[in-house]
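> Sharing a structure with you now.
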Amino acid sequence: MDIKSNHAAPVLTDPVPINKPRLGIYSSLLAYSPSGAAFSSSLYLTIPRKKPGKLDDVRSSSWLDTMKSSSPPRKKLTKDFSIDVATNDADVTYRNWMLKYPSALTSFEQITNYAKEKKIVLFLDYDGTLSPIVDDPDCAFMSNSMRSAVKNVAKYFPTAIISGRRRDKVNEFIGLTELYYAGSHGMDIMGPVKNSVADDHPNCIRSADKQGKAVNLFQPASEFLPMIDEVFRSLVENTRGIKGAKVENNKFCASVHYRKVDEKVIVASWTTVAEIVHDILKDYPRLRLTHGRKVLEIRPVINWDKGKAVEFILESLGLSNCDDVLPIYVGDDRTDEDAFKMLREGNQGYGILVSSMPKESNAFYSLRDPSEVMEFLKSLVRWKKLSAL
Ligand SMILES: O=P(O)(O)OC[C@H]1O[C@H](O[C@H]2O[C@H](CO)[C@@H](O)[C@H](O)[C@H]2O)[C@H](O)[C@@H](O)[C@@H]1O
């Protein structure tokens with residue numbers, strides 16, 4: 001199977017010999033032995049982590065640029081003529097962008113033509129994909145109609161949620177037992193027991209879900225738990241004075257939200273948030289920073305991300321290295337790019353970017369917002385039912 005890199009015509013062709021294993025999860029958990037490290041795990045990255053720069057760097061550097069660009073502005077409804085013109089321009093730009101990232105809805109036939117005779121495995125991000133982006137991360141509820149669309153699609157295709165949130169939290173938001181869940185950007189996976197190679201991984205333990213069913217629990221960053229807890233507490237303490245800042249404990253990742261930090265004093269306030277994160281991070285060489293949508297996230301320096309989580313789940317399901325499997329990953333965030341990239345580079349399946357703004361991506365297709373994601377899920381179910389007739 002080969003996914004052609006021509007963006008204008010994202011076509012999967014079949015078959016093309018693949019001379020390297022598509023999954024390399026074991027070999028890719030490369031050893032990194034920081035001097036004096038108390039950790040014995042082989043999950044560390046070989047590349048040394050860059051030291052965080054000086055405070056001046058934080059003020060002037062890409063930190064702030066990235067913070068500013070880390071979330072598209074939400075569209076405001078207006079009758080103002082000049083804004084109408086701007087909106088039209090934006091629409092034209094978006095339509096041009098869609099030539100490179102066609103809508104997964106208008107390209108649905110192309111997708112399903114390729115998927116004929118193949119087993120689709122669905123991977124869904126949560127925030128911004130299944131639920132709309134809202135100011136308060138604790139209130140990012142998904143609609144009942146979206147829940148029922150996900151429930152239906154999971155009847156026909158193995159479906160996994162891959163979220164930056166802690167696993168129990170995203171599980172609670174979605175509330176469906178028929179899915180596989182990966183939290184903390186894939187660093188906390190609860191998957192099936194299928195006697196696959198994944199079962200024997202050193203970081204994989206046999207456990208039971210809430211219903212008592214045997215599951216595999218894979219937590220490649222488990223040694224970092226006390227460190228992340230400590231960082232979480234420091235972040236809470238040090239951001240106490242910043243109105244609007246919110247720190248979320250995502251178990252293997254600590255997230256500092258600045259969406260509600262006063263926009264009128266945007267640079268000063270956001271700089272303060274960046275400085276606090278920078279100050280804490282410099283004492284933890286085994287942790288690194290990633291950017292999400294108006295959120296700074298501190299996580300372990302391990303060679304593990306949402307792409308690796310997708311590989312792991314496919315392997316757990318016994319569906320890796322199969323030419324008759326088509327993984328489809330739907331996500332909106334920078335962290336989803338790791339999964340898009342893995343699918344694209346491994347010629348494995350389709351990434352679908354959820355975005356109402358043009359942005360560069362490793363995805364093949366696009367959907368505008370969660371309502372289009374729901375439409376796509378419903379279309380998959382309709383197609384599957386019809387093709388079974
Ligand atoms: O991988 P995801 O499921 O997309 O999770 C990514 C982060 O999502 C949440 O934050 C984002 O959504 C919030 C609610 O809409 C919004 O307020 C925030 O600004 C966004 O960054 C979640 O709170 C984070 O922990 C996740 O890492």
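> So, in region 106-149, how many residues would count as being among the β-branched types (Val, Ile, Thr), touching a residue at least 24 places away in the same chain (Cβ under 8 Å) and within 13 Å of the ligand (Cβ to nearest atom)?
2
> Right, next: For the structure I just gave you, tell me whether Gly244 is on the phi > 0 side of the Ramachandran plot, within 16 Å of the ligand (Cβ to nearest atom), modelled with pLDDT under 95 and not β-branched (Val, Ile, Thr).
Yes: the conditions hold for Gly244.
> Is there any pair with a first residue in region 365-389 that is under 17 Å from Tyr101 (Cβ atoms) and a second that is among the aromatic types (Phe, Trp, Tyr) whose Cβ atoms are under 7 Å apart and which are 6 or more apart or on different chains, and what are they?
These pairs meet every condition: Tyr365/Tyr101; Tyr365/Tyr350; Ser366/Tyr101; Leu367/Phe376.
> Are any of the residues in region 134-147 over 30 Å from Phe232 (Cβ atoms), part of a strand (DSSP E or B) and not β-branched (Val, Ile, Thr)?
No, region 134-147 has no match at all.
> Looking at the structure I just gave you, is Ser320 assigned to a strand (DSSP E or B) and in contact with a Pro (Cβ under 9 Å, 6 or more places away or on another chain)?
The answer is no for Ser320.
> Look through Val310, Val261, Val256, Val273 and report the one residue that is within 15 Å of the ligand (Cβ to nearest atom), in a loop (DSSP other than H, G, I, E, B) and open to solvent by less than 10 Å² (accessible area, probe 1.4 Å).
Every option except Val261 fails the conditions.
> Let me ask you something else. If only one of Asp332, Asp283, Asp305 is buried (at least 18 other Cβ atoms within 10 Å of the Cβ), out of contact with any strand residue (DSSP E or B) (no Cβ under 8 Å at 6 or more places or on another chain) and at pLDDT 95 or above, which one is it?
Asp305
> While we're here: Kindly indicate whether Lys341 is surrounded by fewer than 24 Cβ atoms within 10 Å (Cβ to Cβ), basic (Lys, Arg), modelled with pLDDT of 95 or more and within 19 Å of Lys116 (Cα to Cα).
Here the answer is no, as Lys341 does not meet what is asked.
> State which residue is nearest to Gly349 (Cα to Cα) when the search covers only region 288-307 and only residues that are of a type outside the set (Phe, Trp, Tyr) and not in a strand (DSSP E or B). Before you say what the answer is, go through the steps one by one.
Start the filter on region 288-307 by keeping residues that are of a type outside the set (Phe, Trp, Tyr), which leaves 288-303, 305-307.
Right, trim to not in a strand (DSSP E or B) and you get 293-294, 301, 303, 305-307.
Details: Arg293: 25, Lys294: 29, Val301: 27, Asn303: 22, Asp305: 17, Lys306: 15, Gly307: 12 Å.
The extreme case among them is Gly307.
> Are any residues in region 150-165 within 8 Å of the ligand (Cβ to nearest atom) and more than 19 Å from Asp369 (Cα to Cα), and if so, which ones?
Passing the criteria: only Arg165.
> Do you know which residues across region 203-233 are closer than 16 Å to Arg288 by Cα, free of Cβ contacts under 8 Å to residues at least 60 places away in the same chain and buried (at least 20 other Cβ atoms within 10 Å of the Cβ)?
Result: Phe232, single match.
> Which residues, taken from region 321-375, are of a type in the set (S, T, N, Q) and closer than 20 Å to Gly292 by Cβ?
Answer for region 321-375, where residues must be of a type in the set (S, T, N, Q) and closer than 20 Å to Gly292 by Cβ: Thr335, Ser355, Ser356, Ser361, Asn362, Ser366.
> OK, next. Based on what the data block shows, is Leu130 within 15 Å of Gly349 (Cβ to Cβ) and either buried (at least 19 other Cβ atoms within 10 Å of the Cβ) or small (Gly, Ala, Ser) (or both)?
For Leu130, the condition - within 15 Å of Gly349 (Cβ to Cβ) and either buried (at least 19 other Cβ atoms within 10 Å of the Cβ) or small (Gly, Ala, Ser) (or both) - is not met.
> Here is a list of conditions, (1) free of Cβ contacts under 8 Å to residues at least 24 places away in the same chain; (2) open to solvent by 30 Å² or more (accessible area, probe 1.4 Å), and Asn347 meets all of them except one; can you say which number that is?
(1)
The values are calculated or read from the model by the stated rules, or taken from the named source; none is laboratory data. Here the structure is a predicted model, which is why all the values come from computation and not from measurement. No Cβ is skipped: glycine too gets one built from the backbone with ideal geometry, and neighbour counts run over all protein chains shown. The area values use the complete protein model at the heavy-atom level, side chains included, leaving out ligands, DNA and RNA. Shrake-Rupley method; radii C 1.70, N 1.55, O 1.52, S 1.80 Å.
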